[in-house]
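To start, the structure under review is shown below, and the notes come after it.
The values are calculated or read from the model by the stated rules, or taken from the named source; none is laboratory data. Everything numeric in this text was worked out from a predicted model, so none of it was measured. Positions of Cβ are backbone-derived with ideal geometry, glycine not excepted, and every protein chain shown enters the neighbour counts. Protein only, heavy atoms only, side chains kept; ligands, DNA and RNA dropped before computing areas. Shrake-Rupley method; radii C 1.70, N 1.55, O 1.52, S 1.80 Å.
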Amino acid sequence: MVEFQFRSGNANGECDERTPATLPGLTLGDPYTDFILCFVYSYLPEPPVSTAAPLSCAPAAADGVDRISILPDVLLHKVVSRLPAKDGARTTVLSSRWRSLWRSVPLVLVDTHFLPGGDAECRPARAGATSPAVTGAVSAALKAHPGPLPFVSLTCSFMDRADRRLLARWCQLLATKGVEVLVFVNRPLPILSLPLPSELFGCVSLRRLYIGAWAFPETDTLPHGVAFPNLKELVLSFVVMQDKVIDFMLAVSPVLETLSVVGTVYGLHARITSRSLRCAQFCLSELEEVAVVDAPSLERLLMWKSDGEGLVSTTVKIHHAPQLRLLGYLGPGVHNLEIGNTIIKAGTKARPGTVVPSVHTLGLTLHFESEEETRKPTTGNISSMIWRKISPIECVQSHLKTIVLREYRGHSTEYDFLKYIAEHARVLERMVIVLQKGLSDAAMEEVIAKLTPLNSARANRDSKLLFPVHKWDGGTTWTLQAGLLEGSVFPMDDPFFCQVS
């Protein structure tokens, strides 16, 4: 089965007005920095404990007997393990038995739980009294608890170069106490100036690592023999780094399955060589090149707004990726595709060395100009004449079963494209149209009426073409969860949202 996901756009190539595609100079407190931090926070993993859980307390027994403390240890362990760190620590004052209980259960440490109200939405906007208090609470918890640390999230402290010793101590404790999931997002001034402590690279127990708003240290300066033997998920978000960082992290993470790079502010050349990697995704980044050199397990290569708003031309090279099934979003004129040693361009013939037969879903970002946008007088339907001259496309004719066109505006250029697909796709089963946000009801009815003749234009008259039309809700067509695994499977089977019901 082959599916295409297309996105139409306006004259500026913008496909989602809510998300900027470039990253200007960043300083704390300006709107872009605030947006970026909110964007980072929006996809951080949810901690396994919460301060929002409802609590209730039964009236004290008339006989004054403490019935909680007579419960077996196994039940008390479960009670304490479900408490936020600050509440779990408070149980130590109840009795000597409770003191040992807190120290014997795994510690879930989330620094936002130390904020007034324990709410992640109340992260301080700038360094002040709250941030040092939270930093002190984190230090105390790491020192007092022997571990293990299944989940640690540090996202609301403001760290600068004066805090290097503290950061080093934190990472030493995280390493020795067996941290498994670490979310480590700095809130610096100016942003992206502070290097990660080298001690972080001693956390060999890590399974998931989210790094945000740091500078990646020179790999040559890191301790010899760095390895993350258990790391399966890595997210590098708004991290200043050299090209060789991707090579380095893939080399020292032999079981890594998902790699996500969000918001690189300098042109990145990413080279992917990994036996274990199953998904690589790049978002809001200036990506100059991504080369899939040797990735026998890679199933998804996802790129979203990684072209600097069209100012950066991205070369996508695919050499060895026999399991690659999902690829996108590619933009004609923005992405240069190279398969093997062949640059794919108009007129390239399909042959074994110029195709990736494993790909069954392709996402493209297209721009269909209207006559109003070109502001040029036309004679006849030029768009229709162009499509009539297109040579047969084997994939469209023999394999295309589903096509989704988002942000459809009803222009003749868009219609002519859909008509070409309908007339030539012999096995097409579904053509899904998602209308542009903001169309009035009357405009929607007019657009839908114009689409009706496509049903009679289809190449395969013997089968019924499903032709649903939807209204776009204004959301994005990308999410970080598209590349994340639960166990051994991708819970989001349709990252391009092709299966619009």
Amide H to amide H, which residues 5 or more places from residue 151 or on other chains are under 5 Å from it, using H placed in the peptide plane? 109, 180, 181
So, taking all protein chains as they sit and a 1.4 Å probe, how much accessible area belongs to residue 158, in Å² rounded to tens? 30
A correct Karplus calculation of ³J(HN,Hα) over segment 445-459, with 6.51 cos²θ - 1.76 cosθ + 1.60, θ = phi - 60°, whole Hz and x for Gly and Pro, returns 4, 5, 5, 4, 4, 5, 7, 3, x, 4, 4, 7, 8, 5, 5
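With a 1.4 Å probe and all protein chains left in place, how much accessible area per residue does segment 140-249 have, in Å²?
Details: 4080 Å² over 110 residues.
I get 37 Å² per residue for segment 140-249.
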Computed P(r) (all Cα pairs; segment 247-299; 5 Å bins; percent): 5, 20, 33, 23, 15, 3
Under 18 Å Cα-Cα from residue 389, which lysines qualify once same-chain neighbours fewer than 8 residues away are excluded? 345, 349, 419
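So for 157, 96, what's the accessible-area order with a 1.4 Å probe, most first? Let's see the in-between values first.
Working: 157 10, 96 85 Å².
Ranked from most to least accessible, the order is 96, 157.
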Using the Karplus curve 6.51 cos²θ - 1.76 cosθ + 1.60 with θ = phi - 60°, work out ³J(HN,Hα) for each residue of segment 330-339 in order, rounded to whole Hz, and write x for Gly and Pro. 9, x, x, x, 10, 9, 9, 9, 10, 10
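For 452, 273, 361, give the ranking by accessible area with the largest first, probe 1.4 Å.
Details: 452 85, 273 60, 361 5 Å².
Ranked from most to least accessible, the order is 452, 273, 361.
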Counting only protein heavy atoms, what percent of the accessible surface of segment 207-312 is carbon or sulfur at a 1.4 Å probe? 50
Determine, from the Cβ-Cβ distance of residue 104 and residue 293 and an R0 of 45 Å, the FRET efficiency 1/(1 + (r/R0)^6), rounded to the nearest 0.05. 0.45
Kirkwood hydrodynamic radius, computed over distinct alpha-carbon pairs, for segment 210-265: how many Å, to one decimal? 11.7
How would you order 335-341, 322-328 from highest to lowest mean count of nearby Cβ atoms within 10 Å? 322-328, 335-341
For the full complex of protein chains and a 1.4 angstrom probe, list 469, 49 by accessible area with the highest value first. 469, 49
Of the listed pairs 86/232; 232/305; 401/437; 177/317; 244/401; 232/437, which have alpha-carbon separations greater than 32 Å here? 177/317; 244/401; 232/437
